[in-house]
1. More than 30 Å from residue 44 (Cα to Cα), modelled with pLDDT under 90 and assigned to a helix (DSSP H, G or I): does that describe residue 67?
2. With respect to residue 127, determine if the residue is out of contact with any strand residue (DSSP E or B) (no Cβ under 6 Å at 6 or more places or on another chain) and either under 21 Å from residue 53 (Cβ atoms) or at pLDDT 90 or above (or both).
3. Residue 51 - would you say it is surrounded by 13 or more Cβ atoms within 10 Å (Cβ to Cβ) and modelled with pLDDT under 85?
4. Please verify whether the range 23-44 includes one or more residues that are modelled with pLDDT of 75 or more and more than 28 Å from the chain's Cα centre (by Cα).
């Protein structure tokens, strides 16, 4: 078995090295091709790359703000849920009969289920807003890229 394992590892290493070599060769070929382009083509390519990087940075900022919004919403939901759970457990502790306990517990569970659905909707609204904003940021760069490609 150790012999087979060594052979498998050797094949995996060889495959990994072949892949790395292929990627390095493609990268080298692309770099040489880029260097061989005319000055205007290289300038257009550099401008396009710059705009793409700017779009990625702007989208990254939008996503970071969105993540912050989602985090704040999540913490707000956790705080609300914790307080309501404490209130519910207090109400359960005050029950003086089994029927009263069952009624309070049923209402407590029903309210938690409703809150879970509401919370999921609130998180979905924030997530959708963030995704839409990120998509708009990316789309705002698209006309520049399309115009340049047509030129």
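The values are calculated or read from the model by the stated rules, or taken from the named source; none is laboratory data. Remember, it's a predicted structure, so these values are computed and weren't measured experimentally. Virtual Cβ from ideal backbone geometry, glycine too; neighbours counted across all protein chains shown.
1. Yes; evaluated as a whole, the condition is true for this residue.
2. Working: out of contact with any strand residue (DSSP E or B) (no Cβ under 6 Å at 6 or more places or on another chain): yes; either under 21 Å from residue 53 (Cβ atoms) or at pLDDT 90 or above (or both): no.
No: the conditions fail for residue 127.
3. On the way: surrounded by 13 or more Cβ atoms within 10 Å (Cβ to Cβ): yes; modelled with pLDDT under 85: yes.
So residue 51 passes the test.
4. Scanning the range 23-44 turns up at least one residue that is modelled with pLDDT of 75 or more and more than 28 Å from the chain's Cα centre (by Cα).
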